[in-house]
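Q: Before we start, here is the structure in question, set down as structure tokens.
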Amino acid sequence: MILGQERAVDQFASAWASRKLHHAWLLAGPKGVGKAAFALAAARRVLAEAAGPAFDLPGLATADDHPMVKLVAAGSHPDMRWLERLPREKADGLARNISVAQVRDLGDFLNLTPALSPWRVAVIDTVDELEASGANALLKMLEEPPPNCLFLLVSHAPGRLLPTIRSRCRRLDFSELADDAMTSILESQAPALSAGERRRIIAMSGGSAGRALAFAELGLAKLEDAALAILRQGDPTNARRSDLALELGKKAAADRYAAFLDLAPSLIAREARKLDGAPRERALDAYAKARELAVIAPRLSLDPAATVFQIGGILAEVAQAPSLKR
């Protein structure tokens, strides 16, 4: 079940039920709101229903014991490919991009005859992370798709994609999740949290269940407090941002650093809502700068400590804005 995204589910399920299915779907929206989960559910539904045995379930639902669903769960369905960044060969972490070689392998897959189903499914998670040459290779596939082939392209920033890729896709928009959906997800997947902890995490997470679960796992309340202190009180001596940089620049803090990159822009956005006029404009400018840095830092492998220190400076800029409505 894809909580909070019923409209997207209904649009795709209706198109599939009528078999008037566009060959490429752009799943667009903020990070952590269920786009990849939707892609997986859609792939299961298409491959299972097309191959049989038949079943009667609503939306994108499938039975866990269906043979096609089992193959998808095991990552071994011969008519499905899932492209994502691969682990680095000589270092920790993931590659910066999805390589053109991966996209070309996908092209080879699409030239094969389907094995178990009349349909084939290709998921790219995320299409934002394609190398430039990979994006061009994908475009050729979208321009001349094989019959009965479904592309599901996950995107956190669709505006940055090639316009020619966007124009060949049907777009499904995924919105930030409402608090009731966030509560249900946290109750299910992080049951040890108290009601108060859930409320605080939901407030921090900007409608992103993925972000909320990461915050819950990493215990980021203290990190939020440190960031809010800079955001509201400033950092005239650089001591606060230096402490943050020292803490998050350690190799063992990689997950907390990644979560901080998600957290900082959302905190600025939350504070911006409490401002008016020029102070609000300054806070929104800081939000744009923090978001841009949070996006490019992992892609360019920027030094974590230096990145955190720079974001701390952006947070401090907001503290100069008067008239916060506490």
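The values are calculated or read from the model by the stated rules, or taken from the named source; none is laboratory data. Just so it is clear, the model here is predicted, and its values are computed rather than measured. Don't worry about glycine lacking a Cβ; one is built from the backbone with ideal geometry, like all the others, and counts go over all protein chains shown. Just the protein is used for accessible areas: all its heavy atoms, side chains included, with ligands, DNA and RNA removed. Shrake-Rupley method; radii C 1.70, N 1.55, O 1.52, S 1.80 Å.
Q: Pairs only if they're at least six apart or on different chains, beta carbon under 6 angstrom, first in the stretch 185-208 and under 17 Å from Leu223 (Cβ atoms), second among the hydroxyl-bearing types (Ser, Thr, Tyr) and surrounded by 16 or more Cβ atoms within 10 Å (Cβ to Cβ); list them, first residue then second.
A: Filtered contacts from the stretch 185-208: Gly206/Ser266.
Q: Within the bounds of the stretch 200-215, is there any residue that is out of contact with any strand residue (DSSP E or B) (no Cβ under 9 Å at 6 or more places or on another chain) and either over 16 Å from Gly32 (Cα atoms) or modelled with pLDDT of 95 or more (or both)?
A: yes
Results for (1) within 19 Å of Ser76 (Cβ to Cβ); (2) out of contact with any Ser or Thr (no Cβ under 7 Å at 6 or more places or on another chain); (3) of a type outside the set (Asp, Glu), shown as yes or no for each residue.
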site	(1), (2), (3)
Leu26	no, no, yes
Ala41	yes, yes, yes
Ala51	yes, no, yes
Ala54	no, yes, yes
Gly59	no, yes, yes
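Q: Select from the stretch 96-143 the residues that are under 15 Å from Arg160 (Cα atoms) and β-branched (Val, Ile, Thr) and write down the one among them that is surrounded by the most Cβ atoms within 10 Å (Cβ to Cβ).
A: Val127
Q: Now for a separate question. Evaluate the stretch 39-49: report whether one residue or more is touching a residue at least 24 places away in the same chain (Cβ under 8 Å) and in a loop (DSSP other than H, G, I, E, B).
A: No: the stretch 39-49 contains no residue that is touching a residue at least 24 places away in the same chain (Cβ under 8 Å) and in a loop (DSSP other than H, G, I, E, B).
Q: Take Gly313 and tell me if it is out of contact with any strand residue (DSSP E or B) (no Cβ under 9 Å at 6 or more places or on another chain), surrounded by fewer than 21 Cβ atoms within 10 Å (Cβ to Cβ) and farther than 15 Å from Met204 by Cα.
A: yes
Q: Of everything in the stretch 36-56, what is open to solvent by 30 Å² or more (accessible area, probe 1.4 Å) and charged (D, E, K, R)? Give them in sequence order.
A: Answer for the stretch 36-56, where residues must be open to solvent by 30 Å² or more (accessible area, probe 1.4 Å) and charged (D, E, K, R): Arg44, Glu49, Asp56.
Q: Is there any pair linking a residue in the stretch 16-38 that is closer than 19 Å to Leu138 by Cα to one that is part of a loop (DSSP other than H, G, I, E, B) and open to solvent by less than 40 Å² (accessible area, probe 1.4 Å), with Cβ under 8 Å and at least six apart or on different chains, and which?
A: Close Cβ pairs satisfying both conditions: His22/Cys169; Ala24/Cys169; Trp25/Cys169; Leu26/Leu161; Leu26/Cys169; Leu27/Phe174; Ala28/Phe174.
Q: Which of the residues that make up the stretch 243-273 are over 20 Å from Ser208 (Cβ atoms), of a type outside the set (Asp, Glu) and open to solvent by 50 Å² or more (accessible area, probe 1.4 Å)?
A: Leu246, Lys250, Lys251, Ala252 - these are the residues of the stretch 243-273 that are over 20 Å from Ser208 (Cβ atoms), of a type outside the set (Asp, Glu) and open to solvent by 50 Å² or more (accessible area, probe 1.4 Å).
Q: Of (1) outside any helix (DSSP H, G or I); (2) open to solvent by 20 Å² or more (accessible area, probe 1.4 Å), Gly207 satisfies all except one. Which?
A: It fails just one condition, (2).
Q: Among the residues of the stretch 214-233 satisfying the criterion of being out of contact with any Asp or Glu (no Cβ under 9 Å at 6 or more places or on another chain) and in contact (Cβ under 8 Å) with a residue 60 or more places away in the chain, which is most open to solvent (accessible area, probe 1.4 Å)? Write out each step before concluding.
A: Quick first cut of the stretch 214-233, residues out of contact with any Asp or Glu (no Cβ under 9 Å at 6 or more places or on another chain) only: 219-220, 222, 224-225, 227, 230, 233.
With in contact (Cβ under 8 Å) with a residue 60 or more places away in the chain added as a condition, the list becomes 227, 230, 233.
Numbers: Ala227: 0, Ile230: 0, Gln233: 123 Å².
Within the stretch 214-233, the match that is most open to solvent (accessible area, probe 1.4 Å) is Gln233.
Q: Then there's this: So Ala91 passes all but one of these: (1) open to solvent by less than 70 Å² (accessible area, probe 1.4 Å); (2) touching a residue at least 24 places away in the same chain (Cβ under 8 Å); (3) aliphatic (A, V, I, L, M). Which condition number does it fail?
A: (2)
Q: Only residues that are open to solvent by 20 Å² or more (accessible area, probe 1.4 Å) and either of a type in the set (Asp, Glu) or under 19 Å from Phe38 (Cα atoms) (or both): list them for the stretch 184-199, please.
A: If the condition is that a residue be open to solvent by 20 Å² or more (accessible area, probe 1.4 Å) and either of a type in the set (Asp, Glu) or under 19 Å from Phe38 (Cα atoms) (or both), then Ser184, Ile185, Glu187, Ser188, Gln189, Glu197 are the ones that fit.
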